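To start, the structure itself, in structure tokens.
Computed from the coordinates by the stated procedures, all read-outs in this text should not be read as laboratory data. Keep in mind that what you see is a predicted model, and the values were worked out from it rather than measured. Quick reminder, even Gly has a Cβ in these numbers, built from the backbone with ideal geometry, and neighbours come from all protein chains shown.
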């Protein structure tokens, strides 16, 4: 199916039963509440919609408990595979993201010295390992686009795995830092 056929199928499904029409009306009302709340800025509407969203998510979890955990396990398995047996494009993407984060850390004045130091300690080893990977690939004449040749070289594989592990640690550190500052601002 192309894009227009998919959209047509969704529209046809939305108007195929009274339950679907009720769902459309509910979401239109929610949108109107949110739209009007932009003008009046009432906290009650925000809390009500947050509670409603949590209710729907909890209802979904209760109804599809086993399916949810199977999907979560599958997602975690894929994430671990991507970090442990990382395809080269994903590895290069993490290097680009690390470069962006490193440059942002250097030029952002609102970061504390401790935050910058932790970022430097986690990002510089990633670049060191990347340079080591490039040199090893060149010296061992590894074909980077063939994963089997990369995975057969123990040094190249170890640099990718260690680099991805450090990147994962950096992401966790950033998330914890964000949550910590968010909670401090709210309290």
Report task. Note the angle between two axes, namely the Cα long axis of helix 65-84 and the longest principal axis of the Cα atoms of the chain, as a number of degrees from 0 to 90, rounded to the nearest 10. Result -> 20
Report task. Report the label-to-label distance for residue 77 and residue 45 in nanometres (one decimal), using points 7 Å from each Cα along the Cα→Cβ vector. Result -> 4.5
Report summary line: Longest principal axis of the chain (C-alpha) makes with the long axis of helix 113-139 (C-alpha) an angle, in degrees to the nearest 10, of 60
**Report entry** Alpha-carbon Debye profile of the range 85-186, log10 I(q)/I(0) at 0.12, 0.13 Å⁻¹
**Finding:** -0.45, -0.52
Report task. Using only Cα atoms, tell me the angle between helix 154-186 and the longest principal axis of the chain; keep it within 0 to 90° and round to the nearest 10. Result -> 40
Requested in this report: Quick one: P(r) of the range 3-63 from all Cα-Cα pairs, 5 Å bins, percents rounded to integers, in order of increasing distance.
Outcome: 4, 15, 15, 18, 19, 15, 10, 3, 0
Requested in this report: Would you kindly calculate the translational diffusion coefficient of the range 58-107, applying Stokes-Einstein with the Kirkwood radius from alpha carbon pairs, for 20 °C and a viscosity of 1.002 mPa s, and quote it in µm² s⁻¹ without decimals?
Outcome: 160
**Report entry** Residue exposure sequence - 185, 42 - by fewest surrounding Cβ within 10 Å
**Finding:** 185, 42
Query raised in the report: Arranged by the count of other C-beta atoms within 10 angstrom, fewest first, what order do 170, 178 take?
Result: 178, 170
Query raised in the report: Got a sec? How would 106, 1 order by Cβ neighbour count within 10 Å, fewest to most?
Result: 1, 106
Report summary line: Per the 1/(1 + (r/R0)^6) rule, R0 = 35 Å and r from the Cβ atoms of residue 62 and residue 146, FRET efficiency to 0.05 is 0.15
